[in-house]
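Note sheet for the following structure.
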Amino acid sequence: MRDITLLQGDITTMAVDAVVNAANSSLLGGGGVDGAIHRAGGPAILEACRALRATTLPDGLPAGDAVATTAGRMPARWVIHTVGPVWSPRDDRSAVLASAYRRSLEVAAELGAASVAFPAVSAGVYGWPHESAAEIALESVDASPYEGAVSFVLFSDAMLRVFEATLDRLR
Ligand code: AR6
């Protein structure tokens, strides 16, 4: 496995080139990490998202894709907004979640970002079971050709432990 750093904390404080936002397709804000990023970065992020909606993304950002904006007042330079799938017990949406990670790292490479921090995409409001969310996250990052540094910043100690156990198992 490639080197992946696991940390517990608030992603909005991270001094990395790009922080990834677990957004929704509207790109116009929400709760969870999305709300925290917009609060910490200030109005410049929403302004940039509105500009995307007015130009290249009139229908919003589809699940599994990613797009970058300024990080406003956060220490990071960019926010890479991605949209994870909503968990479904009937429908296997794992490929969409994997795509959210893969596309985020493609955008990071296009930006020239040397370091990227991810939250656990889809593992909050979108309801993805934590062990599965961690496994898809770590495997997708491992499979990506992105050459920069990748970290996961998990909000709770419990989620950090899930990611640590999963990483141990995959190694
Ligand atoms: N830093 C790091 N992780 C965080 C932070 C933070 N500051 N705040 C929350 N988390 P969620 P989703 C964790 O719900 O499931 C939004 O309303 C959180 O504990 O933010 O992809 C969007 O607008 C969880 O482990 O994202 C969408 O509508 C993880 O981040 C919807 O929620 C992801 O939880 C997206 O849902």
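The values are calculated or read from the model by the stated rules, or taken from the named source; none is laboratory data. These numbers were taken from a predicted model, which means no experiment stands behind them. Because the Cβ atoms are built from the backbone with ideal geometry, glycine has one as well, and the counts that use them run over all protein chains shown. Ligands, DNA and RNA are stripped out before the accessible areas are found, and what is left, the full protein with its side chains, is counted by its heavy atoms. Shrake-Rupley method; radii C 1.70, N 1.55, O 1.52, S 1.80 Å.
Test A71 against the stated conditions and say whether it is open to solvent by less than 10 Å² (accessible area, probe 1.4 Å), closer than 22 Å to R50 by Cα, more than 12 Å from the chain's Cα centre (by Cα) and touching a residue at least 40 places away in the same chain (Cβ under 8 Å).
So A71 passes the test.
For the stretch 120-170, which positions are more than 22 Å from A18 (Cα to Cα), within 10 Å of the ligand (Cβ to nearest atom) and within 16 Å of the chain's Cα centre (by Cα)?
V125, Y126, G127, W128, H130
Only one of (1) open to solvent by 10 Å² or more (accessible area, probe 1.4 Å); (2) under 23 Å from L138 (Cβ atoms); (3) not charged (D, E, K, R) fails for G84. Which number is that?
It fails just one condition, (1).
Residue by residue through the stretch 74-115, note down the ones that are within 16 Å of the chain's Cα centre (by Cα), among the polar types (S, T, N, Q) and over 20 Å from I11 (Cα atoms).
Result: S94, S99.
Just one of the numbered conditions (1) farther than 20 Å from A113 by Cβ; (2) open to solvent by less than 30 Å² (accessible area, probe 1.4 Å) is not true of R90; which one?
In the conditions (1) farther than 20 Å from A113 by Cβ; (2) open to solvent by less than 30 Å² (accessible area, probe 1.4 Å), R90 misses (2) alone.
Residue-by-condition table, conditions (1) of a type in the set (A, V, I, L, M, F, W, C); (2) crowded, with 16+ Cβ neighbours inside 10 Å; (3) at pLDDT 95 or above:
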{"position": "D17", "(1), (2), (3)": "no, yes, yes"}
{"position": "A22", "(1), (2), (3)": "yes, yes, yes"}
{"position": "H38", "(1), (2), (3)": "no, yes, yes"}
{"position": "T55", "(1), (2), (3)": "no, no, yes"}
{"position": "D59", "(1), (2), (3)": "no, no, yes"}
{"position": "A63", "(1), (2), (3)": "yes, yes, yes"}
{"position": "A66", "(1), (2), (3)": "yes, yes, yes"}
